[in-house]
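One structure is given here, and the rest of the page talks about it.
The values are calculated or read from the model by the stated rules, or taken from the named source; none is laboratory data. These numbers were taken from a predicted model, which means no experiment stands behind them. FYI the Cβ positions are ideal-geometry reconstructions off the backbone, even for glycines, and counts take in every protein chain you see.
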Amino acid sequence: MNRIYAILICCFFNSLAFSQQTLTVEEAVNKALLQNKKLSASDLTISKRKQLVKTGFNLPNPEVFVESPTGKFYTGSITQSIEFPTVYLKQKQIRKQEVSIAEKEKALTTLEVKYQIIALYQNAQFADTLQKQLFLLDSIYAGISKTAKRQFEAGQIDFLQKTLSESEYQEVHNQYLQSSISLQSVLRQLQFRMGLAENIRTTPLNSVELIASDTISMNPPAFQILEENKYLTRKNLALQRNKALPGLAFGYFNQGERTTATEQRFRFGFTIPLWFWQYRGNIQAAKSDLKIAEMNAESYQQELAVELMDARKELEINNQNLRYFQSKGAQMAEEIINAASRLFAAGETDYSIYLRTINNAYSMKIKHLEAIRNYNQSILKTNFLTGNL
């Protein structure tokens, strides 16, 4: 009977496969990245900041006047003032640094999108495999329930055994219906993230390989952004200090007679940073910004270290659990099912013992699926924290 059910299940799911598009996790990630609006906004932010690099050398508008310095005729004048030259150099460096930060922010957004899609894909794999497992169990319990009903009507078993088999079937059937709802929900979420209208399928649920510890990078985009912010605040501090330096001014203005030689009509000077308190305030604020950036980077490092320790602990636990099922648990579940089926067919056990035994064995199978999912998600989280997706 179990073989017949298995064949029917394979035919059922294979027929569904023809109407659905199967996507690998890499394909799902690539499609989601292309559809993500936040990444599109990141591209625009990078473009905008690149345009702002040109503003690093922005000069004040020149002053143009027409006046009569001698009281005899009107003459035109033009004056251009500039900051101390290093101010413009620092401003351009800051603009370039802002471009770099925008690029790191895009890398962080990309990492987050990958993490979300892979986690969703893994949940879809688990939900799909769980539904198939529960469909098989549901079919087996449905057959047992029908057999029990016929045997009760023939007087071969009592009402309690018939009711027990029916109750067990209804419970398993309810679990199967719930798994179907969960599968459709997670697949719709995945479709929405990828911008697809057609139905999709995932590849089978398998355990992924663990990245060797010596290849793990401890430089995730979030930490890179904090380091870039530290560099930016240092540049801003240097800028504020340079703004406290005297500026320059030069221009053309004839203050003499009309016959004054051209070379005598130019004027040169410098600006005096007289209002020192405003420069001092900006410098002190820039120093505070630098300390804040340094503390944020240190704080993130501490938090990351704690999260990594917790993630690696969970990975070790889930790895141990998966090894148990791969080495013993899965095989034991199959042996229990086969032995219980033989004893029940031979009439050496009743419905209550058989149903309880089958239920325990399939619970082990489901725990095996959960072990694979938890192991994969532990690896995913560890790689996300270290920036290795």
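In this structure, Phe250 does satisfy being of a type outside the set (A, V, I, L, M), touching a residue at least 12 places away in the same chain (Cβ under 8 Å) and outside any helix (DSSP H, G or I).
A single member of Asn376, Asn296, Asn319, Asn360 is out of contact with any Cys (no Cβ under 7 Å at 6 or more places or on another chain), in contact (Cβ under 8 Å) with a residue 24 or more places away in the chain, of a type in the set (S, T, N, Q) and over 30 Å from Leu134 (Cα atoms), and it is Asn296. Looking at this structure, is Leu196 out of contact with any helix residue (DSSP H, G or I) (no Cβ under 6 Å at 6 or more places or on another chain), of a type in the set (A, V, I, L, M), surrounded by 13 or more Cβ atoms within 10 Å (Cβ to Cβ) and on the phi < 0 side of the Ramachandran plot? Yes. When every residue of the range 141-164 is checked against the conditions, none turns out to be in contact (Cβ under 8 Å) with a residue 40 or more places away in the chain, more than 21 Å from Gly347 (Cα to Cα) and polar (S, T, N, Q).
Residue-by-condition table, conditions (1) aromatic (Phe, Trp, Tyr); (2) assigned to a helix (DSSP H, G or I); (3) surrounded by 14 or more Cβ atoms within 10 Å (Cβ to Cβ):
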residue	(1), (2), (3)
Gln255	no, no, no
Ala286	no, yes, yes
Ala293	no, yes, yes
Ser299	no, yes, no
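Residues in the range 232-269 that are within 20 Å of Glu67 (Cβ to Cβ) and among the β-branched types (Val, Ile, Thr): Thr259, Thr260, Thr262.
The set of residues from the range 340-353 being in contact (Cβ under 8 Å) with a residue 40 or more places away in the chain and assigned to a helix (DSSP H, G or I) comprises Ser341, Tyr351, Ser352. Within the range 14-26, the set of residues being part of a helix (DSSP H, G or I) and either modelled with pLDDT under 70 or under 15 Å from Glu198 (Cα atoms) (or both) comprises Asn14, Ser15, Leu16, Ala17. Scanning the range 170-181 for residues that are under 15 Å from Asn123 (Cα atoms), out of contact with any Leu (no Cβ under 8 Å at 6 or more places or on another chain) and either in contact (Cβ under 8 Å) with a residue 40 or more places away in the chain or loosely packed, with under 13 Cβ neighbours inside 10 Å (or both) yields a count of 2. The numbered conditions (1) at pLDDT 90 or above; (2) farther than 26 Å from Glu27 by Cβ are all true for Leu160 except (1).
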